[in-house]
Amino acid sequence: MGEIRAVCCGYYGKGNGGDEALLASLLQMLPENVTPLVLSGNPSQTRKRYKVWSCDRMSAFPVIRALRNSDVFIWGGGSLIQDTTSAISPLYYAGLMGLAQRMGLKTIAWAQGIGPLKRQLTQRVARQSFGGCTAVSVRDSGSAAILSEWQIPFIQAPDPVWALDSTPVEGLWDLPAPRVAVTLRSHPLLTPQRLANLTRALVDFQKATNTCILLVPFQATQDLAIAESIQSQLTGASKIFTLEDPKKLKGLFRGVEMAIGMRYHSLIMAAAAECRCIALSYDPKVTQLMQELNLPGWELDQLPNSSNIISQAWLEHYTNGDSLTSTQIQSLVDRALMHRDSLISALS
């Protein structure tokens, strides 16, 4: 089989650890005869980190030239087609997909998380875009339900990050054990009062357990200030880990006993490393993951007002809670590789 040139499009190069983990997973799953060109918000960083061709995702002429010189357009993964945070974002991605289809490229929607779609325009555009794809894979039952309603063929498999390789993190094992990782992000539902309650709960939890708290910003522009605020109030051992390599980000959780997380991919990475997990959901994708993995936690808008209730729940799970078994994890990893199989089939 000859060389295949593929344009890879997602929320790449924007400093989001979850989306970078999806890109790393995609590159790991691509067949050897595929030469990727990644559309990125930071092309030089993407080229350096992944050793791939890259161009600015917002520069029209380089993007069009990349499409003209390619055979395949790979769209994903993650929650690209949703209009909760922006009505423009799904139109951008769907527009590129439509352009690629009109230019005659084979188009693949990979590891998609579709929705919420609240506007009729984005629903119509999304349906048309997915309907024109050579292959579609999704990562959750909500996305599967949307495509089933639209009568568009697809495969459903767990998020590809379950199958992402991990690498060790320098300095992690020098920190005192046991360790607990915390991944919070800026969001309207994380009000100052809720953040204050969570911080007090974490202070009390640390005093009761004598754990080392690892604060892990997945996107520094949104998460770092929160991590710094929490760390300033902790009385025990703590460290902020700002990791840009997604394989190291996943590797961090191999040295952690429990994870408390808002970030979707932080919970996947932690669960994959046999950590006990507690979720704080700000988004339907996190809620679905909680249900699928039977994770304890709260919807943020239902978070208890009492920091004592929160810390006691964390203590109970830390002491008596269960992680996923190695058999459960292996099953999720094996099924996540269905996204790879879908790529191979579509590219053959």
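The values are calculated or read from the model by the stated rules, or taken from the named source; none is laboratory data. Everything quoted here is computed from the prediction, not taken from an experiment. Ideal geometry is used to build each Cβ from the backbone, glycine not excepted, and the neighbour counts take in all protein chains shown.
Tell me, please, whether a residue that is at pLDDT 95 or above, buried (at least 19 other Cβ atoms within 10 Å of the Cβ) and closer than 19 Å to Asp204 by Cβ can be found in segment 321-343.
no
Would you be able to tell me the number of residues in segment 1-41 that are of a type outside the set (D, E, K, R) and not in a strand (DSSP E or B)?
Let us first name the residues in segment 1-41 that are of a type outside the set (D, E, K, R), namely 1-2, 4, 6-13, 15-18, 21-31, 33-41.
Restricting the remaining residues to those that are not in a strand (DSSP E or B) gives 1-2, 10-13, 15-18, 21-31, 33, 41.
Selection size over segment 1-41: 23.
Test of understanding: among Gln82, Gln128, Gln112, Gln123, which residue is closer than 27 Å to Pro158 by Cα and in contact with a Pro (Cβ under 9 Å, 6 or more places away or on another chain)?
Gln82
Would you point out the residue of segment 200-224, among those that are closer than 16 Å to Gly261 by Cα and among the small types (Gly, Ala, Ser), that is surrounded by the most Cβ atoms within 10 Å (Cβ to Cβ)?
Here the answer is Ala201.
Determine, yes or no, whether Asp159 is modelled with pLDDT under 95, of a type outside the set (Phe, Trp, Tyr), on the phi < 0 side of the Ramachandran plot and within 20 Å of the chain's Cα centre (by Cα).
Taking the combined requirement at face value, the residue does not satisfy it.
Out of all the residues in segment 63-87, which are of a type outside the set (A, V, I, L, M, F, W, C) and either surrounded by fewer than 16 Cβ atoms within 10 Å (Cβ to Cβ) or under 30 Å from Lys118 (Cβ atoms) (or both)?
Just the residues of segment 63-87 that are of a type outside the set (A, V, I, L, M, F, W, C), to begin with: 65, 68-71, 76-79, 82-86.
Across segment 63-87, the qualifying residues are Arg65, Arg68, Asn69, Gly76, Gly77, Gly78, Ser79, Gln82, Asp83, Thr84, Thr85, Ser86.
For segment 179-212, which positions are in a loop (DSSP other than H, G, I, E, B) and either out of contact with any helix residue (DSSP H, G or I) (no Cβ under 7 Å at 6 or more places or on another chain) or not assigned by TED's automatic domain parsing to the domain that holds Pro304 (or both)?
Our first condition is that a residue be in a loop (DSSP other than H, G, I, E, B); within segment 179-212, this holds for 184-191, 210-211.
Matches in segment 179-212: His187, Pro188, Thr191, Asn210, Thr211.
Mind counting the residues in segment 139-176 that are under 26 Å from Leu249 (Cα atoms) and β-branched (Val, Ile, Thr)?
Of the residues in segment 139-176, 3 are under 26 Å from Leu249 (Cα atoms) and β-branched (Val, Ile, Thr).
What strands (runs of 3 or more DSSP E), lying completely within segment 42-139, carry at least 2 residues that are over 21 Å from Gln151 (Cβ atoms), in contact with a Lys or Arg (Cβ under 9 Å, 6 or more places away or on another chain) and in the same structural domain as Gly15 (by TED's automatic domain parsing)? Can you show your working first?
Numbers: elements: 53-56, 72-78, 106-112, 135-138.
By residue number, 53-56, 72-78.
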